[in-house]
């Protein structure tokens, strides 16, 4: 049995359209870049914490000059930026903010780099 010549093209178009729109897949989640301590994090800490005299290798309240210093003195909880004291201090907008006034706070992009590094495991890379 053959379809009417007028109905067949319409039916084919409807099937094609339904098939086309049913093949949509959700977009993949964006992948965060791998953050390097030596290339991304340490320069931020040196430039905003150590170089201004607050946390140099010698003197100051405590050192943030090396990976071990940052992990220990910054009380970094690898994989959990919310519980890491260093992250809490750089995100703080009150009296506990680091760096302390009159120094400028870190930018949101700089904070995000440190947060990503901690959440990615705070590796010495």
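What follows draws every value from the coordinates through simple rules; no lab data is involved. What you see is a predicted model, and the numbers here were worked out from it, not measured in a lab.
Using only the Cα atoms of the range 55-94, build the gyration tensor, take square roots of its eigenvalues as a ≥ b ≥ c, and label the shape rounded, prolate or oblate: rounded if a/c is under 1.5, else prolate if a/b is larger than b/c, else oblate.
On the way: a/c = 3.33, a/b = 1.40, b/c = 2.38.
Oblate shape, in that a/c is at least 1.5 and b/c is the bigger or equal ratio.
Using 0.36 nm per residue of separation minus the Cα-Cα distance, give me the extension gain between residue 82 and residue 96 in nm, one decimal. Intermediate values should be presented prior to the final figure.
Numbers: separation 14, 0.36 × 14 = 5.04 nm, distance 1.53 nm.
Here the segment from residue 82 to residue 96 would lengthen by 3.5 nm.
In 5 Å bins starting at zero, report the fraction of Cα pairs in the range 37-119 per bin as a rounded %.
3, 16, 29, 31, 17, 4, 0
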